[in-house]
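Visitor: Encoded as structure tokens, here's the structure I'll be asking about.
The values are calculated or read from the model by the stated rules, or taken from the named source; none is laboratory data. In this text, all values refer to a predicted model and were calculated from it rather than measured experimentally. Cβ: placed from backbone, ideal geometry, glycine included. Neighbour counts: every protein chain shown.
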Amino acid sequence: MNMRLVKYGVPLVLFVALAAFLAVGLTHDPREVPSPLIDKAAPAFTLERLHEPRQPFSPEQMKGKVWLLNVWASWCVSCRVEHPLLVEMSKRNDVPIVGLDYKDERGAGLQWLSKMGDPYVVSAFDVEGKVGIDYGVYGVPETFLIDKQGVIRYKQIGPITPEALEKKILPLIRKLNA
Amino acid sequence: MSRCDRMWRLAATVACAFALHAFGQAEEVAKPDPVVEARLKDLGEELRCLVCQNQTIADSAAPLAVDLRNQIREQVRAGRSDDQIRAYMVERYGDFVLYRPPLKGTTLLLWIGPFALLLVGAAVVVYIARSRRGPAREGEVPAGRQREIAAMLEEGGGPPAGR
């Protein structure tokens, strides 16, 4: 009896454990790498604005506000999926959104905004993608939620989904604004 | 198309792919400095490209990998050490960029896991080996059957009829 328990029990337990590990693994997206920047100060930068090349933008200018930094590009397919949601958010005045047009052409970026709507209070223009590197951007779109002190509180990798917006981003914005 | 012909076409395609690859690499910098490139290669082979996650930064053709290679070149030229450059990457992308992750709380299972599994496996092997040795020991055949066995051996045949 005991021998039998070992013979059939042990492989069963091992199988269940392995299956459990694999099942948990399936729910993780390997493309979503946790950012080491969470709860750290948003890296400083100064960039040209997309609309007014002469006027610089830097995150300093948003101090005292809770805001989103949305990294996008006109060549990015998922950004097209995300864009209507951003436009809707800006219409509702949920939170000021700053756009970071990443490794794009100015003309293409401007055309995209005039065609699809401009949800951004300001658009910064990162032609070389250096600011993107400082923010650890590896898959546009990416969105950072930054608090009044300029600390990154949340990062969305890939398009903001209505679910992520309702369950994570909006509650966090309310909390940070309180 | 003959078989030989097909082989030639395949060889040409492969050669072409290699040539393109080499060309792409050469395009990246106008005047590659061999010292910088050697250090870039060493460093880049230990860093993961986050766009195509199973490739290294040295290997990947993803635009981000190209940017990061240029970033590393710049830093090597600026005289930063390998550790400083690795720290720069980790600051931005986390420990995941390192193909050799550091030993700490969150990576403990990763480092110790395989050895723990090996120990468990060894224990199972030892257990099975021990439990198998038991019944084969001499003198454990019940006394009543010893004669039966001896008779069988003498006959040189199978078991007695009727069994």
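Visitor: When you scan segment A:1-34, how many residues do you find that are of a type in the set (Ser, Thr, Tyr) and at pLDDT below 85? First the steps, then the outcome.
Guide: At the first step, the residues of segment A:1-34 found to be of a type in the set (Ser, Thr, Tyr) are A:8, A:27.
Next cut, at pLDDT below 85 only: none.
Of the residues in segment A:1-34, 0 are of a type in the set (Ser, Thr, Tyr) and at pLDDT below 85.
Visitor: So residue A:82 fits all but one of (1) assigned to a helix (DSSP H, G or I); (2) of a type outside the set (S, T, N, Q); (3) farther than 30 Å from residue B:65 by Cβ; what number is the exception?
Guide: Exception for residue A:82: condition (3).
Visitor: When only residues in segment A:121-160 that are away from chain B (no Cβ under 11 Å) and aromatic (Phe, Trp, Tyr) count, which is surrounded by the fewest Cβ atoms within 10 Å (Cβ to Cβ)?
Guide: A:154
Visitor: Check segment A:162-177 and report whether any residue there is in a loop (DSSP other than H, G, I, E, B) and either surrounded by fewer than 16 Cβ atoms within 10 Å (Cβ to Cβ) or not aromatic (Phe, Trp, Tyr) (or both). Steps first, please.
Guide: Restricting attention to segment A:162-177, the residues satisfying the condition of being in a loop (DSSP other than H, G, I, E, B) are none.
Checked segment A:162-177: no residue is in a loop (DSSP other than H, G, I, E, B) and either surrounded by fewer than 16 Cβ atoms within 10 Å (Cβ to Cβ) or not aromatic (Phe, Trp, Tyr) (or both).
Visitor: Moving on to the next point. Output the number of residues of segment B:8-52 satisfying the condition of being among the basic types (Lys, Arg) and modelled with pLDDT under 85. Talk me through it step by step, then tell me what you get.
Guide: Within segment B:8-52, the subset among the basic types (Lys, Arg) is B:9, B:31, B:39, B:41, B:48.
Of the ones still in play, those that are also modelled with pLDDT under 85 are B:9, B:31.
Adding up the residues that qualify gives 2.
A quick yes/no check of all residues on (1) touching a Pro at 6+ places or on another chain (Cβ under 9 Å); (2) touching a residue at least 12 places away in the same chain (Cβ under 8 Å); (3) under 23 Å from residue A:50 (Cβ atoms); (4) not hydroxyl-bearing (Ser, Thr, Tyr):
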residue	(1), (2), (3), (4)
A:110	no, yes, yes, yes
A:116	yes, yes, yes, yes
A:133	no, no, yes, yes
A:145	no, yes, yes, yes
A:149	no, yes, no, yes
A:157	yes, yes, yes, yes
A:177	no, yes, no, yes
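Visitor: Take segment B:36-74 and flag every residue that is of a type in the set (Asp, Glu) and under 11 Å from residue B:99 (Cβ atoms). Don't jump to the end; show me each part of the working.
Guide: Filtering segment B:36-74 down to residues of a type in the set (Asp, Glu) leaves B:37, B:42, B:45-46, B:59, B:67, B:74.
Listed by number, the residues that qualify are B:45, B:46.
Visitor: Could you count how many residues in segment A:65-88 are in contact (Cβ under 8 Å) with a residue 60 or more places away in the chain and of a type in the set (Gly, Ala, Ser)?
Guide: To start, the set of residues in segment A:65-88 that are in contact (Cβ under 8 Å) with a residue 60 or more places away in the chain comprises A:65-73, A:76, A:78-79, A:81-82, A:85-86.
Those left that are additionally of a type in the set (Gly, Ala, Ser): A:73, A:78.
So the answer is 2.
Visitor: Against the definition (out of contact with any Asp or Glu (no Cβ under 6 Å at 6 or more places or on another chain), surrounded by 12 or more Cβ atoms within 10 Å (Cβ to Cβ), farther than 26 Å from residue B:121 by Cβ and more than 10 Å from chain B (Cβ to nearest Cβ)), how does residue A:54 come out, yes or no? Talk me through it step by step, then tell me what you get.
Guide: On the way: out of contact with any Asp or Glu (no Cβ under 6 Å at 6 or more places or on another chain): yes; surrounded by 12 or more Cβ atoms within 10 Å (Cβ to Cβ): no; farther than 26 Å from residue B:121 by Cβ: yes; more than 10 Å from chain B (Cβ to nearest Cβ): yes.
No; evaluated as a whole, the condition is false for this residue.
Visitor: Next question. Which one is farthest from the other protein chains (Cβ to nearest Cβ), of the residues in segment B:73-100 that are under 28 Å from residue A:155 (Cα atoms), in a helix (DSSP H, G or I) and hydrophobic (A, V, I, L, M, F, W, C)?
Guide: Among residues in segment B:73-100 that are under 28 Å from residue A:155 (Cα atoms), in a helix (DSSP H, G or I) and hydrophobic (A, V, I, L, M, F, W, C), the one farthest from the other protein chains (Cβ to nearest Cβ) is B:85.
Visitor: If only one of B:118, B:110 is more than 26 Å from residue A:4 (Cβ to Cβ), surrounded by 10 or more Cβ atoms within 10 Å (Cβ to Cβ), modelled with pLDDT of 85 or more and touching a Pro at 6+ places or on another chain (Cβ under 8 Å), which one is it?
Guide: Checking each option against the conditions leaves just B:110.
Visitor: Could we say that residue A:43 is over 19 Å from the mean Cα position of the chain (by Cα), in contact (Cβ under 8 Å) with a residue 12 or more places away in the chain and assigned to a loop (DSSP other than H, G, I, E, B) here? Show your work before the answer.
Guide: Details: over 19 Å from the mean Cα position of the chain (by Cα): no; in contact (Cβ under 8 Å) with a residue 12 or more places away in the chain: yes; assigned to a loop (DSSP other than H, G, I, E, B): yes.
Criteria not met by residue A:43.
Visitor: Among the residues of segment A:27-49, which ones are facing chain B (nearest Cβ under 7 Å) and β-branched (Val, Ile, Thr)?
Guide: If we filter segment A:27-49 for residues that are facing chain B (nearest Cβ under 7 Å), which is where we start, we get A:30, A:33-36.
Selection gives A:33 alone.
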